[in-house]
């Protein structure tokens, strides 16, 4: 399926021109990182792509043969960077300086009954057995959301995205600061649906604070099922009332003077953004 995507988008199995500049890893559970080594080795232009994630992600990918290093390799461990106070040098910028990324330290909502069912232990270095192939071996590590700015040549921000693909988290953790938003509003917000009802303050208040111009709902599908089956017959993620999320979003939108357009793409459906 991944190979099919690259053939459809790039008319080749590999991004030979280096169009893809970064892979953002929200956290290190299997459903967010397991296929990164395959994609990196088989489909990406290795000299132009960054893999941005936690220390745990760095160690996991190292065990798969992807060497870390701020300058000497593709993997960027941003755990310490995301803990620092907001300042300009917290942004990671692509080589052509047309895209910059701000990692924001977040948290991971419980899966159900106030508990997490996947490992959350501290990062560890893997032994010679290499990259794990068991979901319970992928420890959570630090969680990130990302603010991504697409820049003009003179440094102006043309388009700003907020990406919360990893996990729902409680405000203000995992959200852009008022200082950052004062620079430019969010044009498009990717919001995680899974476990939204397990956080202390519902995400709709945060939508009203952030005031994005558009919303894409992600991580709503039952990722425990094979993707081909999901494409044939979509199923929502267990323990999350996805229909309630949609109803609440519609209710919130109804109370706004300017309703926010939103979409929840089906499994296997791509989203193209023009700005």
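The values are calculated or read from the model by the stated rules, or taken from the named source; none is laboratory data. What you see is a predicted model; the values in this text were computed from it and never measured. Don't worry about glycine lacking a Cβ; one is built from the backbone with ideal geometry, like all the others, and counts go over all protein chains shown.
Can you name every residue in the range 153-164 that is in contact with a strand residue (DSSP E or B) (Cβ under 7 Å, 6 or more places away or on another chain) and assigned to a loop (DSSP other than H, G, I, E, B)? 164, the sole residue that qualifies.
Has the range 123-131 got at least one residue that is modelled with pLDDT of 80 or more and either in a strand (DSSP E or B) or under 12 Å from residue 27 (Cβ atoms) (or both)? No, that holds for no residue.
Residues are listed down the side, and each one gets a yes or a no for (1) surrounded by fewer than 16 Cβ atoms within 10 Å (Cβ to Cβ); (2) closer than 22 Å to residue 31 by Cα:
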site	(1), (2)
176	no, no
179	yes, no
185	yes, no
190	no, yes
199	no, yes
207	no, no
213	yes, no
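The residues of the range 226-242 that are modelled with pLDDT under 90, closer than 25 Å to residue 116 by Cβ and assigned to a helix (DSSP H, G or I) amount to a single one, 227. One residue alone among 182, 189, 167, 194 is without any contact (Cβ under 8 Å) to a residue 40 or more places away in the chain and not in a strand (DSSP E or B), and that residue is 182. Go through the range 243-260 and count every residue that is surrounded by 11 or more Cβ atoms within 10 Å (Cβ to Cβ) and either touching a helix residue (DSSP H, G or I) at 6+ places or on another chain (Cβ under 8 Å) or not in a helix (DSSP H, G or I) (or both). Count: 8. Do the conditions hold for residue 177, that is, is it in contact with a strand residue (DSSP E or B) (Cβ under 6 Å, 6 or more places away or on another chain) and more than 29 Å from residue 34 (Cβ to Cβ)? Answer is no for this residue. Just to be sure before I move on: is residue 258 within 22 Å of residue 161 (Cα to Cα), without any contact (Cβ under 8 Å) to a residue 24 or more places away in the chain and more than 21 Å from the chain's Cα centre (by Cα) in the structure I sent? For residue 258, the condition - within 22 Å of residue 161 (Cα to Cα), without any contact (Cβ under 8 Å) to a residue 24 or more places away in the chain and more than 21 Å from the chain's Cα centre (by Cα) - is met. Looking across the range 1-32 at every residue that is under 14 Å from the mean Cα position of the chain (by Cα) and under 24 Å from residue 232 (Cα atoms), the one that is modelled with the highest pLDDT is identified as 32.
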